[in-house]
Amino acid sequence: MNVHRFEAMGCEIAVAGADPAAVAAVFEEWEETFSLFRPDSELSRVNRSEALVVAVSPLFARALAVALDVAAETDGLVDPTLSGRWRDVRIAGRVLSRPPAIALDLNGVVKSLAVDTAAELIEGEGFVSAGGDIAVRGPVDVALPHGGAIRVVEGGLATSGTASRGPHLIDPRTGEPSKSPWEQVTASGASCLAADVAAKTAFLLGSDGPAWLDEHGIPGRLVTSDSAIVESSLWRGALACT
Amino acid sequence: MEMGNDSRIERARSRARGAKAAIAAGTLLVFGAAFVGAKGHAPGHHKGKAKALGAPKSFERAVKRSIAEGGVIQPPVAPPPVATSTS
């Protein structure tokens with residue numbers, strides 16, 4: 001499998017089975033729209049705006065609608081407002097309304113949505129990975145944190161945690177960086193978005209993470225800061241298959 | 001002479017009654033038409049069963065299922081070309 005690698009969205013992008021230039025264009029469009037570090041990005045402009053109602057681009061509207069669905073599905077654990085006020089944000093078509101002083105941060109879904117979007121460009125078999133969040137078409141073997149590997153047959157795989165950037169995941173229940181016992185949580189989802197949301201949710205739920213994964217039928221692997229590995233029952237079951 | 005005056009006054013009153021009746025009928029007709037039109041077309045007066053303005057339920061179900069649905073994994077069979085990690 002011929003793998004092309006380049007930098008985008010502040011991480012390494014790896015592509016196989018798709019035109020790297022077309023994939024790079026997808027990531028550039030998403031970064032141009034959602035980067036919090038670019039003052040001229042659409043998200044930065046929306047967050048600066050004092051208007052209660054603003055018109056947004058179709059891409060912005062779509063991503064925000066997904067982010068609000070994710071917040072509802074995770075009971076606000078993955079929250080685009082990072083402050084528990086996601087219910088106050090409304091998107092109707094391309095019209096966004098929110099109370100004053102609510103800033104949006106779509107980092108919880110943007111990277112994995114961009115990966116899923118770029119994966120649509122794969123012809124035949126291949127994968128797209130952004131900083132280790134992966135969507136596959138056809139089976140792809142993936143190396144795991146702290147050793148080992150897994151074959152992703154369908155959907156996506158994502159890892160969330162504090163290993164590379166420290167405690168950057170905010171727990172919306174406290175407004176503080178999460179004190180999760182996990183260092184890294186890897187989850188397998190029907191898409192890269194599903195995997196990413198599951199990994200983040202299981203991480204933020206702390207000791208309840210494995211039970212949440214089992215309850216939702218999601219294979220997951222959780223690693224503590226002292227490298228102890230806990231596998232959800234579906235992960236164990238998948239590895240037991242030969 | 002006096003009878004002639006009475007007759008003219010009576011005729012004038014009769015015309016006035018006719019005009020009032022015509023104006024009342026016209027007003028009722030215009031009000032009725034406006035009422036029916038408003039009931040049929042104004043946003044606050046739906047004609048049939050209310051429908052949700054959001055995405056179809058099937059789409060919402062698909063999104064929710066996708067968000068909370070696990071992928072398919074197996075034991076590895078080859079050296080991995082890519083790794084998953086936090087970024």
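Data overview
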item: Among residues of segment A:83-121, those that are of a type in the set (Asp, Glu), assigned to a loop (DSSP other than H, G, I, E, B) and in contact with a Leu (Cβ under 9 Å, 6 or more places away or on another chain), counted; result: 1
item: Index of the failed condition, residue A:106 passing every other in (1) within 23 Å of residue A:2 (Cβ to Cβ); (2) more than 11 Å from chain B (Cβ to nearest Cβ); (3) of a type outside the set (Asp, Glu); result: (1)
item: Residues (at the interface with chain B (Cβ under 9 Å from one of its Cβ atoms) and either under 25 Å from residue A:176 (Cβ atoms) or among the hydroxyl-bearing types (Ser, Thr, Tyr) (or both)) located in segment A:214-231; result: A:220
item: Qualifying position, being more than 10 Å from every other protein chain (Cβ to nearest Cβ), under 15 Å from residue B:71 (Cβ atoms) and among the aliphatic types (A, V, I, L, M), among A:187, A:211, A:202; result: A:202
item: Of all residues making up segment A:145-159, the number that are surrounded by fewer than 21 Cβ atoms within 10 Å (Cβ to Cβ) and either at pLDDT 95 or above or within 7 Å of another protein chain (Cβ to nearest Cβ) (or both); result: 4
item: Within segment A:160-184, considering residues that are within 16 Å of residue A:225 (Cα to Cα) and hydroxyl-bearing (Ser, Thr, Tyr), the one modelled with the lowest pLDDT; result: A:164
item: Given (1) β-branched (Val, Ile, Thr); (2) crowded, with 22+ Cβ neighbours inside 10 Å; (3) more than 13 Å from the chain's Cα centre (by Cα), number of the condition residue A:162 does not satisfy; result: (2)
item: Close pairs (6 angstrom Cβ cut-off, 6 or more residues apart or separate chains): within 10 Å of chain B (Cβ to nearest Cβ) in segment A:58-78, of a type in the set (Ser, Thr, Tyr) and surrounded by 17 or more Cβ atoms within 10 Å (Cβ to Cβ) anywhere; result: A:74/A:201
item: Condition broken by residue A:127, with the remaining ones in (1) of a type in the set (A, V, I, L, M, F, W, C); (2) over 21 Å from residue A:111 (Cα atoms); (3) within 7 Å of chain B (Cβ to nearest Cβ) satisfied; result: (2)
item: Filter result for the condition that a residue is closer than 30 Å to residue A:153 by Cβ and either surrounded by 10 or more Cβ atoms within 10 Å (Cβ to Cβ) or at pLDDT 95 or above (or both), over B:63, B:77, B:30, B:36; result: B:63
item: Near pairs, Cβ below 8 angstrom, 6+ apart or cross-chain, from segment A:137-156 (among the acidic types (Asp, Glu)) to any residue that is assigned to a strand (DSSP E or B); result: A:141/A:149; A:141/A:150; A:141/A:151; A:141/A:152; A:154/A:136; A:154/B:72
item: Check on residue A:80, in a loop (DSSP other than H, G, I, E, B), surrounded by 18 or more Cβ atoms within 10 Å (Cβ to Cβ) and modelled with pLDDT of 90 or more; result: yes
item: Any helices (runs of 4 or more DSSP H) falling wholly within segment A:134-242 and containing at least 1 residues that are in contact with an Asp or Glu (Cβ under 7 Å, 6 or more places away or on another chain); result: A:192-204, A:233-240
item: Selection count, segment A:202-242, where residues are touching a Phe, Trp or Tyr at 6+ places or on another chain (Cβ under 7 Å) and surrounded by 24 or more Cβ atoms within 10 Å (Cβ to Cβ); result: 7
item: Of residues in segment A:11-46 being within 17 Å of residue A:134 (Cβ to Cβ) and not in a helix (DSSP H, G or I), the one farthest from the other protein chains (Cβ to nearest Cβ); result: A:18
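The values are calculated or read from the model by the stated rules, or taken from the named source; none is laboratory data. The structure displayed is predicted, hence computed values, not measured ones. As a convention, Cβ positions derive from the backbone with ideal geometry for all residues, glycine included, and neighbour counts pool all protein chains shown.
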